[in-house]
Amino acid sequence: MDDILQATLLFDFYGELLTEKQKNIFSMYHLEDLTLSEIGEEQGISRQAVRDQLKRTENILIEYEKKLKLVEKFQEHQNAIKKIKSLAEDFETKYKNDNQAIGYIERIKDIADDILD
């Protein structure tokens with residue numbers, strides 16, 4: 001997975017466990033796309049201090065994931081739901097003349113879609 005996407009996913013799951021300063025700097029860099037210098041100016045710290053803070057925060061998020069594995073479990077569940085939906089679509093094709101089966105399949109697909117959204 002792309003590093004930026006992984007970092008923002010970790011932040012989505014564990015961001016509330018960070019300090020306000022860590023959250024602000026991470027958000028400015030990854031979500032608002034500000035440069036290290038711009039963040040430093042806004043925070044009143046050096047560019048290097050911003051970089052160090054970002055690295056520490058990213059390492060903290062990685063450590064949370066190593067211990068809790070919430071992102072990994074989330075991704076596994078998403079993949080399982082996609083497989084369920086795919087199987088339902090295959091079943092729907094096979095039993096397209098059975099209206100009762102089609103009704104159940106549509107309900108299964110709707111539930112899967114709700115979970116994936």
Only one residue in ILE84, ILE45, ILE39 is over 17 Å from the mean Cα position of the chain (by Cα), on the phi < 0 side of the Ramachandran plot, of a type outside the set (Gly, Ala, Ser) and not assigned by TED's automatic domain parsing to the domain that holds TYR14, so which one is that? ILE84
Which of (1) under 19 Å from the mean Cα position of the chain (by Cα); (2) aliphatic (A, V, I, L, M); (3) surrounded by 13 or more Cβ atoms within 10 Å (Cβ to Cβ) does LEU34 not meet, given it meets every other one? (1)
Exactly one of (1) closer than 20 Å to LEU17 by Cα; (2) in contact with a Lys or Arg (Cβ under 7 Å, 6 or more places away or on another chain) is unmet by SER27. Its number? (2)
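The values are calculated or read from the model by the stated rules, or taken from the named source; none is laboratory data. Note that this is a predicted model, so its numbers are computed, not measured. Cβ sites come from the backbone with ideal geometry, for glycine too, and all protein chains shown count toward neighbours.
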